[in-house]
Amino acid sequence: MQTRIIDGAALARRLRSELRDRAAELTARGYQPGLVAVRVGEDPASKVYVRTKMKASAEVGLHSEHVELPAATTETTLLERIAGFNRDPRIHGILVQLPLPPQISADNVLRAIAPEKDVDGFHPYNVGLLATGRPRFVPCTPAGVMAMLAAEEIALEGREAVVIGRSNIVGKPMAMLLLQKGATVTMCHSKTRDLAVHTSRADVLVAAVGRPNTVREEMIKPGAVVVDVGINRLPDGKLVGDVAFESALGKASHITPVPGGVGPMTVTMLMANTVLAAQLASESVS
Ligand code: GUN
């Protein structure tokens, strides 16, 4: 079987160009979408991610602000900054990059973001909307995966979907979204006894673990759609996903590469959520 490699970077470019038009329209009406990204400490991966998000914001024409706070920042200080952005009419989306230093409770911080500015979709209110089938801000990585599956016209209704990883950021919302499309969803995680038993039944397999070679050729059902959410840096500096990519070629019907697969779509969905937040803000006063 010829495996189709899903080009996330190309789809991201197309969607960003549409978002640029929507952002320009909102800007002309006095609602330039505004995003603030807050990063605390010196985590090198977080620095790269936030820089990428800021670059995309400029590309789409958003007003963007980047706040960098020292690693010793207290929770109170961070909560005060968030309260300020909650009140700021130029800001429609607030993103606090995770992980946070140990003295700060991520739970407290995520709850402090106004739900209507929660463009990461991590506030319990937005998580609840997603869980009850009325999503507003959907977490960016699983939203990006769904956009890729839609663009490839991959049917989900009645199909077996297996998600590996149960994080709040990816695994859980991913399962919710697949469920809403009518897939039969299995969630696997670090305590799952025999991973291959589950993965080999998957028509759609999403790997979001953060460990190279978690999914190997023998674990993939012939013709399956394989989505690789992992971003792992090997000792030699090479970036790889959770799937042994080369070995899956010829077995899967579709696969997302790393890099150039899910990553650019995650950033694009953040742009989409910020444009949506500005649009909802404009509608709430007009
Ligand atoms: N850390 C890893 N992924 C994410 C994400 O999507 N949003 C935020 N805020 N932090 C993250």
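Checking 210, 171, 165, 230 one by one, the residue that is open to solvent by 30 Å² or more (accessible area, probe 1.4 Å) and not polar (S, T, N, Q) is 210 and no other.
Among the residues of this structure, residue 76 counts as one that is among the hydroxyl-bearing types (Ser, Thr, Tyr) and surrounded by fewer than 22 Cβ atoms within 10 Å (Cβ to Cβ). The residue of segment 83-105 that is farthest from residue 271 (Cα to Cα), among those that are crowded, with 20+ Cβ neighbours inside 10 Å and of a type in the set (A, V, I, L, M), is 104.
Which is farther than 24 Å from residue 133 by Cβ and touching a residue at least 60 places away in the same chain (Cβ under 8 Å), of 223, 230, 241?
223 is the lone residue from the list that is farther than 24 Å from residue 133 by Cβ and touching a residue at least 60 places away in the same chain (Cβ under 8 Å).
Across segment 1-49, the number of residues qualifying as small (Gly, Ala, Ser), within 16 Å of the ligand (Cβ to nearest atom), under 20 Å from residue 273 (Cβ atoms) and touching a Ser or Thr at 6+ places or on another chain (Cβ under 9 Å) comes to 3.
Scanning segment 1-36 for residues that are within 26 Å of residue 150 (Cα to Cα), modelled with pLDDT of 95 or more and assigned to a loop (DSSP other than H, G, I, E, B) turns up 2, 3, 6, 7, 33.
The sole residue among 155, 175 that is under 29 Å from residue 18 (Cβ atoms), free of Cβ contacts under 8 Å to residues at least 24 places away in the same chain and part of a loop (DSSP other than H, G, I, E, B) is 155.
From the list 89, 102, the lone residue that is closer than 24 Å to residue 210 by Cα, away from the ligand (no atom under 15 Å from the Cβ) and part of a loop (DSSP other than H, G, I, E, B) is 102.
The values are calculated or read from the model by the stated rules, or taken from the named source; none is laboratory data. Because the structure is predicted, anything quoted here is derived from the model rather than measured. Using ideal geometry, Cβ is built from the backbone for each residue, glycine included, and neighbour counts are taken over all protein chains shown. Ligands, DNA and RNA are excluded from the accessible area calculation, which covers all protein heavy atoms including side chains. Shrake-Rupley method; radii C 1.70, N 1.55, O 1.52, S 1.80 Å.
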